[in-house]
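The values are calculated or read from the model by the stated rules, or taken from the named source; none is laboratory data. Keep in mind the model is a prediction, meaning the values are calculated, not measured. FYI the Cβ positions are ideal-geometry reconstructions off the backbone, even for glycines, and counts take in every protein chain you see.
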Amino acid sequence: MERDFIDWLNKNVPRHPRAELGLTDDAALLSIAEPSKVVVTTDMLNDGVDFRVSVDDPRRIGRQALGANLSDLAAMAAKPVAAFISIALPRPGGTGPQPLELAKGVYEGILALAAEYDVAIAGGDTNSHDGPLVISVTAIGETTKCGPLTRSNGQVGDWLLVTGKLGGSLLGHMFGFTPRVREALFLNEHYKIHACIDISDGLALDASRLAKASGVGAVIRTEQVPISPDAFTLSDQDGAADRDTAALQHALSDGQDFELLLALDADVARKIINDQPLECGLTHVGELVAEHGLWQQGATGQRLELPPIGYLH
């Protein structure tokens, strides 16, 4: 199976000028423009945790695997360059897709998304074992002249803005999301951003991470959180007594939204909200404060502690 798959890869993974050796050698040779810095991120996705091979289309699984890494690059306003894909395939047998067809499907999803963002698939590894499908992706990016964003430079008084809408990713967004790479590069070029994180594990949990890394606290204005229609759909499916409250909980904690949470000076944030330069939209959802911890504030103005709930792997 491995030889057949390698033959398939050599025929279907396109050559890229960034990775001049292609898949012919044991390691990649990448071209990085000076004086850019290299940004490296890696994610491992597992059957039964991040997706279900028995239900989900392998192409969507592949797209999700690369997309999660591109979202990490977006959080640092890094331009994607290349990715390395390692797959542990289940051994033949069982009722699901057979290893070779599963591997091809996963790669078809990866290659389609890689083409959208001009990412070189520069290498990786393939193996089989007695366990479920495991995909590990390592993505390489480069900084622009504006430099990288981090989660550790937020300042007291900063507004918190989010892209897009949140919650309900289980209904399909987790596979079909748009990594906010272009949006992050645009914002970093045109506005002064203090800190950024991608919302992979839920707004509440990731806001607490940004605040902690910056040595401050965060307040989420719950009445301003942009809630996805899918969050309301999930609330209805759950039979929630209070649909709005349940949908808000999904928006705060579901994870795999892969939107951006940004911290920036209040005056700059007001300009962005007024400009609305992104098609996906930007919403003011809170502030950074001196008091450490995570807080929620509703329409009444009362401030209460907010548990950093979210998607824990």
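Among the residues of region 237-249, is there at least one that is more than 18 Å from ARG209 (Cα to Cα), in contact with a Ser or Thr (Cβ under 7 Å, 6 or more places away or on another chain) and touching a residue at least 24 places away in the same chain (Cβ under 8 Å)?
Yes; the residues of region 237-249 include at least one that is more than 18 Å from ARG209 (Cα to Cα), in contact with a Ser or Thr (Cβ under 7 Å, 6 or more places away or on another chain) and touching a residue at least 24 places away in the same chain (Cβ under 8 Å).
Among the residues of region 235-242, is any within 23 Å of SER71 (Cβ to Cβ) and either of a type in the set (A, V, I, L, M) or within 22 Å of the chain's Cα centre (by Cα) (or both)?
No; the residues of region 235-242 include none that is within 23 Å of SER71 (Cβ to Cβ) and either of a type in the set (A, V, I, L, M) or within 22 Å of the chain's Cα centre (by Cα) (or both).
Checking SER136 against (1) in the same structural domain as LEU111 (by TED's automatic domain parsing); (2) of a type in the set (Ser, Thr, Tyr); (3) at pLDDT below 95: exactly one of these is not met. Which one?
Condition (3) is where SER136 drops out.
May I ask you to say which residue of ASP158, ASP206 is farther than 30 Å from GLY62 by Cβ and either acidic (Asp, Glu) or within 15 Å of the chain's Cα centre (by Cα) (or both)?
Step by step, each of ASP158, ASP206 is checked, and only ASP158 is farther than 30 Å from GLY62 by Cβ and either acidic (Asp, Glu) or within 15 Å of the chain's Cα centre (by Cα) (or both).
Among the residues of region 172-189, is there at least one that is farther than 20 Å from GLN276 by Cβ, of a type in the set (A, V, I, L, M, F, W, C) and in contact with a Leu (Cβ under 7 Å, 6 or more places away or on another chain)?
no
If you check ILE61 against the conditions, is it surrounded by 20 or more Cβ atoms within 10 Å (Cβ to Cβ), in contact (Cβ under 8 Å) with a residue 24 or more places away in the chain and part of a strand (DSSP E or B)?
Answer is no for this residue.
Restricting region 122-139 to residues that are within 14 Å of PRO90 (Cα to Cα) and within 21 Å of the chain's Cα centre (by Cα), which is surrounded by the fewest Cβ atoms within 10 Å (Cβ to Cβ)?
Applying the filter and picking the extreme gives VAL134.
Of all residues in region 105-121, how many are assigned to a helix (DSSP H, G or I), crowded, with 24+ Cβ neighbours inside 10 Å and among the small types (Gly, Ala, Ser)?
Within region 105-121, residues that are assigned to a helix (DSSP H, G or I), crowded, with 24+ Cβ neighbours inside 10 Å and among the small types (Gly, Ala, Ser) number 1.
Would a scan of region 243-263 turn up a residue that is assigned to a strand (DSSP E or B), aliphatic (A, V, I, L, M) and over 25 Å from the mean Cα position of the chain (by Cα)?
no
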